[in-house]
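As structure tokens, the structure follows; a few thoughts come after it.
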């Protein structure tokens with residue numbers, strides 16, 4: 001009996017060794033492809049060795065690779081090598097993209113990258129050393145192929161390989177692994193996969209290959225749903241807005257306060273709120289924004305709601321009170337839809353509308369999307385004199401931009417009784433590497449040291465933020481703030497603009513890594529060390545601290561002192577970008593029945609800010625859709641039963657309705673009765 005067992009074990013080992021020796025190319029393909037998938041998670045979301053995404057990646061790698069067995073052994077290398085390249089191109093693109101956007105790439109956006117403009121330049125400035133690993137992996141596979149060729153491996157395999165049998169076996173193993181994964185999925189997992197809201201969560205749970213395949217399906221969603229799903233989407237749309245119409249519209253102390261005033265939005269590129277509290281050597285980082293906040297209506301808990309479209313998502317959500325698209329960006333993929341927007345609503349009240357940006361018209365496809373939003377006139381790069389001397393980063397610097405914008409603004413005011421416009425700044429755009437042009441702003445820590453023996457005093461300087469991304473961002477933001485200060489001086493010293501409300505807003509966070517903030521908050525210049533957990537004064541800049549720190553300034557400001565006195569205050573309610581239209585609409589007496597946001601002065605502290613990844617923020621919690629966990633925002637607070645589930649359902653419904661409006665062109669359908677395009 002013992003001999004039989006020993007022989008069986010020996011036979012099993014021999015078969016295993018034989019399998020390895022006769023499938024070295026296939027196994028090399030599997031291991032190298034899987035290694036790339038593990039590395040992309042390790043260097044982005046972390047948890048590279050979690051077994052769940054490894055199983056999914058392995059299953060798909062096996063299924064894809066199985067078809068290589070149907071090819072003659074001498075030609076199998078080309079098939080496997082092609083897939084190794086595809087996998088690692090996907091990994092490399094997503095690695096770069098994650099560094100820049102803290103998210104994963106969308107096929108819908110990459111497919112139309114030419115329309116995005118110079119954003120791609122700053123994207124590839126984020127290349128890291130680890131990104132080149134994905135170039136080395138195909139080289140490693142080629143090297144293995146070279147060794148196998150020298151050993152006459154392919155001629156030997158051609159004589160013994162049973163291709164069809166091996167193909168079926170590999171597919172079977174892959175399907176079994178996938179089945180094991182599918183039976184463990186929860187309804188939440190299926191929902192996330194179907195909605196594609198939280199890209200990081202999908203990669204963490206399902207791996208990079210399934211995520212990217214799912215993203216391809218999502219990018220085809222508009223065409224698929226032109227055949228399937230339209231009727232259901234329209235029914236939900238009509239039910240949702242029928243219920244919304246029953247909600248009683250409330251008036252408050254700000255209703256109609258700004259009626260008849262001109263409106264100029266000033267889009268402050270990458271300007272985050274935390275900068276307003278920063279000072280170095282007695283100098284504020286953003287003295288202009290700080291001053292505007294003290295003179296106007298300052299919303300201190302205001303959050304952009306962006307997806308992969310960043311600045312363009314902000315423009316869309318601000319103007320329409322809808323959320324960004326689930327896949328791709330509205331500006332690029334859905335620019336030909338019908339939207340109700342602030343420019344269109346004010347045009348109905350007799351306003352002339354315009355937009356102004358110092359970059360090319362095709363950046364984020366604005367040349368097509370701005371007319372669709374309702375802007376009459378557009379002033380892009382060709383409207384300004386751009387030289388090498390006045391260029392910073394992606395284009396004309398904000399100093400020159402504001403100076404050249406003033407004659408245009410004066411002309412608009414003189415020729416129009418009422419107007420509304422958007423001015424988009426550029427200098428503070430990532431990657432914040434034009435440091436030589438930002439001017440002098442001293443971030444160094446200085447202290448006086450006394451020699452105990454001689455009593456002589458010397459000054460020690462620790463320029464700890466020099467050449468860091470955070471230091472460069474702070475210098476860039478300071479530069480942009482001072483340029484904004486000159487614009488305010490132009491306005492204050494001009495006889496015009498007395499009936500204009502200026503709305504300054506940060507379009508999104510700076511996309512800096514948490515490690516950069518940890519260094520800013522925990523570096524101790526006295527010791528020259530970064531504080532660690534347990535050290536006195538250590539600030540735990542964790543996931544939730546990072547998310548809550550993504551708020552940006554929102555300020556309503558006017559030189560009209562009568563109005564200024566009535567609006568001067570700090571508003572501390574949580575507010576999203578989609579709340580601007582209804583809030584401003586209440587103050588100017590216009591509204592959109594399709595708005596998903598709320599007038600902040602009516603809803604007040606009961607507001608909920610939802611994010612495209614399924615996260616949400618209330619006055620009680622910040623909820624992480626990826627983990628299903630949340631951070632209580634009040635001490636000793638107990639949530640009522642079903643609180644999280646209630647707002648999860650709310651978030652899902654709003655994201656669904658918004659995406660259906662975009663994909664199926666439902667506003668046009670609702671207002672004209674025409675069929676969806």
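Our helix-only sum for the chain, with -39,500 (n - 2.57) per DSSP H run of n ≥ 4 divided by its residues, gives a mean residue ellipticity at 222 nm of -15500 deg cm²/dmol.
Any idea what the relative contact order of the chain is, in percent, if you count C-alpha pairs under 8 Å spaced at least 6 apart? Walk me through the numbers on the way to the answer.
Details: 1080 pairs, mean separation 125.0, N = 677.
Computed value for the chain: 18 percent relative contact order.
A Förster radius of 41 Å, combined with the Cβ-Cβ distance separating residue 168 from residue 129, puts the computed FRET efficiency at roughly 0.45. In degrees between 0 and 90, to the nearest 10, how far off the longest principal axis of the chain does helix 24-42 point, with axes built from Cα atoms? The helix 24-42 is inclined about 20 degrees to the chain. Extending 7 Å from the Cα toward the beta-carbon at both residue 569 and residue 160 defines two label points whose distance is 8.4 nm.
Each of residue 188 and residue 146 was given a label point 7 Å from its Cα along the Cα-to-Cβ line. The distance between the two points is 4.9 nm. Mean sequence separation of contacting Cα pairs (under 8 Å, at least six apart), scaled by the length of the range 424-581, corresponds to a relative contact order of 21 percent. Given the choices (i) 100, 88, 57; (ii) 131, 97, 52; (iii) 78, 63, 48, Cα extents along the principal axes in Å derived from the coordinates of this structure is entry (i).
Peptides 525-534, 471-480: what's the order by average Cβ count within 10 Å, highest mean first?
On the way: 525-534: 10.6, 471-480: 24.4.
In decreasing order of mean packing, 525-534, 471-480 become 471-480, 525-534.
Using 0.36 nm times the number of residues separating residue 627 and residue 217, minus their current alpha carbon distance, what extension gain do you get? Display every interim value, and only then the final one.
Details: separation 410, 0.36 × 410 = 147.60 nm, distance 2.42 nm.
Full extension of this stretch gives 145.2 nm more.
Axis angle, to the nearest 10 degrees, between helix 133-150 and the longest C-alpha principal axis of the chain: 20 degrees. Note on 588, 166: ascending count of other Cβ atoms within 10 Å places them as 166, 588, the fewest first.
Computed from the Cβ-Cβ distance with R0 of 60 Å, the FRET efficiency linking residue 175 to residue 242 stands at 0.85.
Within a 10 angstrom radius of the beta carbon, how do 557, 83 rank from fewest other beta carbons to most?
Working: 557 25, 83 17.
By the 10 Å Cβ count, ascending, the order reads 83, 557.
What's the FRET efficiency of residue 546 with residue 27 using the Cβ-Cβ distance as r and R₀ = 45 Å, to the nearest 0.05? Efficiency computed from Cβ-Cβ geometry: 0.65.
Taking 7 Å steps out from each Cα toward its Cβ at residue 561 and residue 349 produces label points 2.6 nm apart. Bridges between two residues of the chain, per DSSP, are antiparallel at a rate of about 50%. Can you compute log10 of I(q)/I(0) for the range 9-219 with the Debye formula, treating each Cα as one identical point scatterer, at q = 0.08, 0.10 Å⁻¹? So the normalised log intensities are -0.32, -0.49. For 31, 318, the sequence from fewest to most other C-beta atoms within 10 Å is 31, 318.
The numbers here are math on the coordinates, done by the rules we state, and not lab data. Just so we're clear, the structure is a prediction, and the values are computed from it rather than from any experiment. No Cβ is skipped: glycine too gets one built from the backbone with ideal geometry, and neighbour counts run over all protein chains shown.
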